[in-house]
Amino acid sequence: MFRDPITKHDTIAGYLFNIALLKKLFRPDFLLHWAKQTGPYEITTRWTMVMTFVLLPWKPELVFTGTSVMGINPETGKFNSHVDYWDSIKNNDYFSMEGLQEVFRQLRMYKTPDLETPKYQILKKAADYEVREYAQFVVVETQGDKLSGSVGFNTVAGYIFGKNSKAEKIPMTTPVFTETNDAGESNVAIQIVLPQDKDLGR
């Protein structure tokens, strides 16, 4: 038996059909974080699934994280059940309207700007936040007391628009970071990520 919030199959043939359909429509990229025994005949895994829906022109990327609980038949030693739980929803029962809404929410009807961003893996995608693991990246930063967002952004943006040692303009990147050291506006730092292939000096 296989079940997730929006699909359910009671046969091996149905399970294999579901996997084949996912491969054809979504080109899934599966990342296994860990697997552990959680019962005498039970194994639980934590994973991230990134899927690109190839049928839509803008090819939206859907990301799900969660756990799978797999039961083992004690007589055969083979898996006999597989139940997925998504981090991004509360109702993981079949058939979950919340799960269906989550799928459609990620099938957004627009394409995000094609800006370079540091490489990362999503470890957990909840309803209101994501936990990410980033590869190393370099930023340009400006700091100051009571530094307003526009002033700080213009300072570091000037750097990537040509005010650097090589007088070289580089493409805009994402994200822009703002950090404060206390509850007020003093000691504000604003950072812009540099493209990976750029070393523009100071």
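This table checks each residue for (1) surrounded by 13 or more Cβ atoms within 10 Å (Cβ to Cβ); (2) more than 24 Å from the chain's Cα centre (by Cα); (3) modelled with pLDDT of 90 or more; (4) not charged (D, E, K, R).
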position	(1), (2), (3), (4)
GLY99	yes, no, yes, yes
ASP114	no, no, no, no
ASP128	no, no, yes, no
TYR134	no, no, yes, yes
ILE190	yes, no, no, yes
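Where residues in the stretch 1-58 are touching a residue at least 40 places away in the same chain (Cβ under 8 Å) and not in a loop (DSSP other than H, G, I, E, B), which of them is farthest from GLU130 (Cα to Cα)? Don't jump to the end; show me each part of the working.
Initial filter on the stretch 1-58 (touching a residue at least 40 places away in the same chain (Cβ under 8 Å)): 1-8, 15, 31, 33, 48, 50, 53, 56, 58.
Subset that is not in a loop (DSSP other than H, G, I, E, B): 2-3, 8, 15, 31, 33, 48, 50.
Details: PHE2: 26, ARG3: 24, LYS8: 27, TYR15: 29, LEU31: 16, HIS33: 15, THR48: 12, VAL50: 14 Å.
Ranking the qualifying residues of the stretch 1-58, first place goes to TYR15.
Tell me which residues, restricted to the stretch 141-163, are modelled with pLDDT under 80, part of a loop (DSSP other than H, G, I, E, B) and surrounded by fewer than 13 Cβ atoms within 10 Å (Cβ to Cβ). Quick ask: steps written out before the conclusion?
The initial filter retains those residues of the stretch 141-163 that are modelled with pLDDT under 80, namely 144-153.
Subsequent filtering for residues that are part of a loop (DSSP other than H, G, I, E, B) retains 145-148.
Once the filter is applied, which keeps residues that are modelled with pLDDT under 80, part of a loop (DSSP other than H, G, I, E, B) and surrounded by fewer than 13 Cβ atoms within 10 Å (Cβ to Cβ), the stretch 141-163 yields ASP145, LYS146, SER148.
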Check: Applying the selection to the stretch 169-188, what residues are surrounded by 13 or more Cβ atoms within 10 Å (Cβ to Cβ) and either modelled with pLDDT of 85 or more or out of contact with any Ser or Thr (no Cβ under 7 Å at 6 or more places or on another chain) (or both)?
Finding: ILE170, MET172, THR173, VAL176, THR178, GLU185
Notebook entry, point to check: So which residues in the stretch 53-108 are of a type in the set (Gly, Ala, Ser) and farther than 20 Å from HIS33 by Cβ?
Noted result: GLY71, GLY77, SER81, SER96, GLY99
Notebook entry, point to check: In the stretch 64-82, is there at least one residue being in the same structural domain as ALA13 (by TED's automatic domain parsing) and farther than 23 Å from ILE12 by Cα?
Noted result: yes
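The values are calculated or read from the model by the stated rules, or taken from the named source; none is laboratory data. These numbers come from a predicted model, not from an experiment. For neighbour counting, all protein chains shown are included, and Cβ atoms are generated from backbone atoms with ideal geometry for every residue, glycine included.
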